[in-house]
1. Would it be correct to say that residue 317 is at pLDDT 95 or above, farther than 24 Å from residue 439 by Cα and part of a loop (DSSP other than H, G, I, E, B)?
2. Return the residues of region 199-208 that are outside any loop (DSSP other than H, G, I, E, B) and closer than 19 Å to residue 252 by Cα; say none if nothing qualifies.
3. Filtering region 129-180 down to residues that are of a type in the set (Asp, Glu) and assigned to a helix (DSSP H, G or I), which residue is surrounded by the most Cβ atoms within 10 Å (Cβ to Cβ)?
4. Would you please name the residue that is nearest to residue 256 (Cα to Cα), looking only at residues in region 406-447 that are under 24 Å from the mean Cα position of the chain (by Cα) and among the small types (Gly, Ala, Ser)?
5. Could you run through region 181-192 and say how many residues are surrounded by fewer than 23 Cβ atoms within 10 Å (Cβ to Cβ) and either farther than 21 Å from residue 256 by Cβ or modelled with pLDDT of 95 or more (or both)?
6. Tally up the residues in region 508-519 that are surrounded by 15 or more Cβ atoms within 10 Å (Cβ to Cβ) and assigned to a loop (DSSP other than H, G, I, E, B), please.
7. So which pairs qualify, if the first residue must be in region 118-144 and farther than 30 Å from residue 448 by Cβ and free of Cβ contacts under 8 Å to residues at least 40 places away in the same chain, the second must be acidic (Asp, Glu) and part of a helix (DSSP H, G or I), the Cβ gap must be under 9 Å, and the two must be at least 6 apart or on different chains?
Amino acid sequence: MKKITNKTILFLLMISLATSCTEDFEELNTNKTKVSEINNASLEYVFSAAQYGGIFGKRGPFQLFQALYSDLQSQYFATTQKNFASDRNQMVGNWLNGGWNHFYGVANAQMDVVLENTKQGGKLEDPIKNSIAKIWKVYMFMPVTDYWGAVPYFEAGNGKNVVLYDSQEDIYNDFFKTLKEATAVLNTASASNKVFAKGDLIYGGDVKKWLKFGNTLRLRAAMRISMKNPALAKTEAEAAAAAPGGLLISNLDNAFMISTTTTPNPLGEISNWGEFRMSAAMESILKGYNDPRMQKFFNPALSGGAYKGIRNGMTIAQMSLPQNGVNANSNINSSFGFDNRFTAPWTVFTASETYFLLAEGKLNNWNMGAGTAQSYYNDGITASLDRWGIKDAAVISSYINGLSLPIALGDVNSTPALTNIPVAFAATIAQQREQVGTQKWLALYPYSPEAWSEFRRTGFPKLYPRLNSDNTDSPASNPASVRRTTYPPIEAAVNPQGLASGISKLGGADKTSTKVWWNQ
């Protein structure tokens, strides 16, 4: 984790670590081109690279960080690839190494270049650019600390051989501090101010949209710690809800990362590999609710033409059964699949999530504005349906008021219905919390790092037990038995003192059963 200098910028833009495809391994260290000096033009390029790297956008890091872990733990997908034991709760060292190395060696290093050069006294001092970069750094780091717990944060990229880890509590406290400071700066900027130009792959330099994004990210962080530190969560959430500039509550302000030939949609990139299909949980809920998003999320199975999902945690023998094969089950929808990977944008943050945060805040008796828990819940569903192109008022109303329930699958595993709650807002707070969590899970698709964090925090939606587990620390019977990913083994080799500092701050052993701080 050496500190990155301006002379290594282009190298950082080109490298990528650890993937299942041989050609991606070969890209590491093949381009030694250096940039001698940073300027505004190259800074824009570095920022766009940090954005794409921050979502683990290249197919190798994306597969290693998201597809093989949170995609499966959140049960958006199940795997049909016989070599992927992570769906049976196994922690695979090289995969963990790959995601970790990409984040710290590439994405965070690029982010440091932007922050160092735009800070006060930096070569390209610019408080607006610096504030936007700070917001993005919080967004990047949140899923990383939520995966592992204590991680290098304050000292990441410090240029030393020993990089100490920071507690998740300290990291979240800094998230709040950083977002408060950054949004205060952006609030002073002119609405016509555009920064980073084409280097901003999300908002095209629109400062006011970044302000809304920063406020809403603060609300997300507040909700995350709400069961661990409810007083601080309430303070931060209410401040975010009332902050100047407002929240991201319109689909016109949704944060999507544009896809191009150089920044393709990562899920689309891997969608034709035949390794992942719709989960049984998705099938039970989407079919049971007659959810119009099913046809937007997935394609019908190639064999038979039905929408079909499979259970998580299959053994190799179970994967070999015809009904569990690639062609017998549903892949992601072609609209954001392989053929559209250069045009279909990647989801960063949408208005529907904001409404579900507000709804849960209301259930917590927080001051979340004029709406009610039910009105925010309905608004969240409406925003999600609209985001997926479902705009017919009658269809939306029918769905929101629907009383149908998730279905049993009638498969060889006798898979029951996932839960017994309808979409229509229920009478009890306990039911309402499950409904908010379930609809939020649907609305977050396909961004599984957030969905997995929220499942661990709330227990919703209810998910199926795995059919099998290869991890005695996380039994198959409990769908929430993986509470975190274990640290990558490379840290024991290159940063043992730092690793020891991280384990000491976990509140337990370096195991998948040890809960991260906000979940303890």
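1. Numbers: at pLDDT 95 or above: yes; farther than 24 Å from residue 439 by Cα: yes; part of a loop (DSSP other than H, G, I, E, B): no.
Judged against the criteria, residue 317 is not a match.
2. Initial filter on region 199-208 (outside any loop (DSSP other than H, G, I, E, B)): 199, 206-208.
Result: 206, 207, 208.
3. So the first thing to find is which residues in region 129-180 are of a type in the set (Asp, Glu), and the list is 146, 155, 166, 169-170, 174.
Now narrow it down to the ones that are assigned to a helix (DSSP H, G or I): 146, 169-170, 174.
Values: 146: 27, 169: 18, 170: 16, 174: 15.
In this case the residue turns out to be 146.
4. My answer is 443.
5. Filtering region 181-192 down to residues surrounded by fewer than 23 Cβ atoms within 10 Å (Cβ to Cβ) leaves 181, 184-185, 187-192.
Checking which are either farther than 21 Å from residue 256 by Cβ or modelled with pLDDT of 95 or more (or both) leaves us with 181, 184-185, 187-190, 192.
Matching residues across region 181-192 total 8.
6. Of the residues in region 508-519, the ones surrounded by 15 or more Cβ atoms within 10 Å (Cβ to Cβ) are 510-519.
With assigned to a loop (DSSP other than H, G, I, E, B) added as a condition, the list becomes 510-516.
Within region 508-519, residues that are surrounded by 15 or more Cβ atoms within 10 Å (Cβ to Cβ) and assigned to a loop (DSSP other than H, G, I, E, B) number 7.
7. From region 118-144, the pairs are 122/116.
Results for (1) closer than 15 Å to residue 175 by Cα; (2) out of contact with any Ser or Thr (no Cβ under 9 Å at 6 or more places or on another chain), shown as yes or no for each residue.
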position	(1), (2)
198	no, no
201	no, no
220	yes, no
226	yes, yes
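The values are calculated or read from the model by the stated rules, or taken from the named source; none is laboratory data. Because the structure is predicted, anything quoted here is derived from the model rather than measured. Ideal geometry is used to build each Cβ from the backbone, glycine not excepted, and the neighbour counts take in all protein chains shown.
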